[in-house]
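S.K.: Here it is, the structure, as structure tokens.
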Amino acid sequence: MSPRIVGRTPVSSALDAHRRARELDALAHDPVVDVLVIGGGITGAGIALDAASRGLKTLLVERRDLAHGTSRWSSKLVHGGLRYLASGQFAIAHESAFERHLLMTRLAPHLTRPLAQVLPLYAPGHVARGAYVGLGYGLGDGLRRVVGTPNAVLGSPGVVGRDDILRLMPALKPDGLRGGLRGWDGQLFDDARLVVAVARTAAGYDASVLTRVEAVSATGEGAVLRDLVTGAEITVAARAVIAATGVWAGELDSAVRLRPSRGTHLVVDGARLADADVSLTVPVPGSSSRFVFTVPAPHGRAYIGLTDVPADGLPVDEPQATEAEIAMLLDTVNVALRHPLGRDDVLATFSGLRPLLASAAEGETSDLSRRHATVVSADGIISVVGGKLTTYRRMAEDGVDRAVDLRFADGAVPASRTRTLPLVGAWPRDRIAEIVAPPRWVRRYGAEAPFVASLADGAPAARGVTARELEWGVRVEGALTIQDLLERRTRLGLVTADAEASTDAAASAFARAAVDPIDI
């Protein structure tokens, strides 16, 4: 057995099939909780952590896997609110900048990093474009300073000369290039990993986090739950039921009005963008506030995104990009590339549905507010809707606060603690170099990287993913299937060839993990 890892959480934070079985059995014998959370995306995981860390008996159920929906299809950025400033949403911009500050400085320094955003300026029109975007960068930098994010974490924006911008992004087309601007924002190494880290931290505060468990029916006082592995059902009573089901919120409360939009990204070989470690930002023709940008990604890939189009009809589990969206993204980014990308360069696509709150005014989904809200249904279910990944912690806090106000005696439950609770693996940014492990592992696991390295080696997967990482996903991160491992714990499932080359290694990880559960 691997040695117990002493962490910051009161109890073990490991999620695996053994813990799942134990907690389902305990729930069958005592089906009463303080807070039932429905939904295992970033918001649901955040709610579970907030509630459990206040001392409430908390149960989270997710009918599929952690981060199965929109939470894994983001742009992998923690935004500082610049776009919201441009549309006059100052409160949301400030909230976004503050939550970015917490993630990058306290909650998850290991999962985040500063990312340079490079905007090339081409003649003609470079002076006006530079002045307009530069003003926005300056306002965003002002927000950074207001919330206290230091220069050592996110630098100030500035003008970049022609030679320097070509050095930062060698794939740029040099003709007509007059220089550019460089701003800064936060990047997540992997959005699904953030969800898993939040859920595990909740488990470390004694929350039960159960995937493949469906809420068959629910009211504000409990739910009928079905274990989708065995088919067994349990009727659970709860003092508060909080739904965090994203674009599926209407399934539990038909009064919730959402207008989902689809955001699509392309996956390309990073070498086609000269493996640049910056984000290339290109204005969308005809818009003063929308941009297509590239993001360096794991496994030698790069993402190009993103679209913002209405997603009509019923929500689907895995939205698909349209050829029109793919063409729009390619056409826009190609304006700035020395060697334009073709359709054959697109290795894969991914799309997510933003759960935007519907507005009485008609207009483009890109104009809808990213605000969040807590809505109480007629039968008492509290739904947390709207919002975005960066502000998940605040959304969770507001949701639990609403539950406490409605369902608990005044003063019986303490205030939220999550502003000061680091996630599993967190380590001070200025000391991350002290962690003795390969840099890629440190970015994925933070302070837990040495314990991943202590596992026995075996057959590797594609793109350099090791047997140790796969086994850790099973033993510690709650993966129950090969698809969980490849699609959400490692992201090898994004590209079909990588997934096919990794299936046997993933199966071997389950075989090894079945012998002896890890204690962390």
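The values are calculated or read from the model by the stated rules, or taken from the named source; none is laboratory data. Because the structure is predicted, anything quoted here is derived from the model rather than measured. Glycine gets a Cβ as well: all are built from the backbone with ideal geometry, and neighbour counts include every protein chain shown.
S.K.: Being under 25 Å from I234 (Cα atoms) and either in contact with a helix residue (DSSP H, G or I) (Cβ under 8 Å, 6 or more places away or on another chain) or modelled with pLDDT of 95 or more (or both) is the requirement here; does R20 meet it?
M.R.: Against the criterion (under 25 Å from I234 (Cα atoms) and either in contact with a helix residue (DSSP H, G or I) (Cβ under 8 Å, 6 or more places away or on another chain) or modelled with pLDDT of 95 or more (or both)), R20 qualifies.
S.K.: May I ask you to list pairs of residues, at least six apart or on different chains, whose Cβ atoms are under 8 Å apart, with the first in region 210-227 being farther than 18 Å from G41 by Cβ and assigned by TED's automatic domain parsing to the domain that holds I381 and the second being assigned to a loop (DSSP other than H, G, I, E, B) and of a type in the set (G, A, S)?
M.R.: Correct list of pairs: T219/G380; G220/S377; G220/G380; E221/G380; R226/A232.
S.K.: Of all strands (runs of 3 or more DSSP E) completely enclosed by region 318-410, which ones contain at least 3 residues that are modelled with pLDDT of 90 or more and within 30 Å of G300 (Cα to Cα)? Before the answer, list the steps.
M.R.: Values: elements: 348-354, 372-376, 382-386.
In region 318-410, 348-354 are the strands (runs of 3 or more DSSP E) which contain 3 or more residues that are modelled with pLDDT of 90 or more and within 30 Å of G300 (Cα to Cα).
S.K.: If you scan region 8-44, which residues turn out to be of a type in the set (D, E, K, R) and either more than 22 Å from Y445 (Cα to Cα) or part of a helix (DSSP H, G or I) (or both)? Steps first, answer last, please.
M.R.: To start, the set of residues in region 8-44 that are of a type in the set (D, E, K, R) comprises 8, 16, 19-20, 22-23, 25, 30, 34.
Hits for region 8-44 are R19, R20, R22, E23, D25, D30, D34.
S.K.: So which residues in region 45-91 are under 13 Å from S208 (Cβ atoms) and part of a helix (DSSP H, G or I)?
M.R.: Taking region 45-91 and keeping what is under 13 Å from S208 (Cβ atoms), we get 45, 48-49, 51-52, 56-62.
Listed by number, the residues that qualify are A45, A48, L49, A51, A52.
S.K.: Here are some conditions: (1) in the same structural domain as G55 (by TED's automatic domain parsing); (2) at pLDDT 95 or above; (3) at positive phi. D275 meets all but one. Which one does it not meet?
M.R.: (1)
S.K.: Here is a follow-up. Being more than 18 Å from the chain's Cα centre (by Cα), farther than 15 Å from A336 by Cβ and buried (at least 18 other Cβ atoms within 10 Å of the Cβ) is the filter here, so list the residues in region 268-298 that pass it.
M.R.: Once the filter is applied, which keeps residues that are more than 18 Å from the chain's Cα centre (by Cα), farther than 15 Å from A336 by Cβ and buried (at least 18 other Cβ atoms within 10 Å of the Cβ), region 268-298 yields only G270.
S.K.: Hey, another quick one. If only one of V442, V413, V436 is under 25 Å from Y392 (Cα atoms), of a type in the set (A, V, I, L, M, F, W, C) and outside any helix (DSSP H, G or I), which one is it?
M.R.: Selected residue: V413, the only one of V442, V413, V436 that is under 25 Å from Y392 (Cα atoms), of a type in the set (A, V, I, L, M, F, W, C) and outside any helix (DSSP H, G or I).
S.K.: Now for a separate question. Quick one: count up the residues across region 269-291 that are touching an Asp or Glu at 6+ places or on another chain (Cβ under 9 Å) and within 17 Å of M328 (Cα to Cα).
M.R.: Looking only at that region, the number is 2.
S.K.: Restrict the check to region 421-442 and report whether at least one residue is in contact with an Asp or Glu (Cβ under 8 Å, 6 or more places away or on another chain) and basic (K, R).
M.R.: No; the residues of region 421-442 include none that is in contact with an Asp or Glu (Cβ under 8 Å, 6 or more places away or on another chain) and basic (K, R).
S.K.: Of all residues in region 460-518 being β-branched (V, I, T) and in a loop (DSSP other than H, G, I, E, B), which is nearest to the chain's Cα centre (by Cα)? Steps first, answer last, please.
M.R.: Our first condition is that a residue be β-branched (V, I, T); within region 460-518, this holds for 465-466, 474, 476, 481-482, 490, 495-496, 503, 515, 518.
Within this subset, residues satisfying the condition of being in a loop (DSSP other than H, G, I, E, B) are 465-466, 476, 481, 490, 495, 515, 518.
On the way: V465: 20, T466: 23, V476: 19, T481: 20, T490: 14, V495: 19, V515: 32, I518: 26 Å.
Checking each candidate, the answer is T490.
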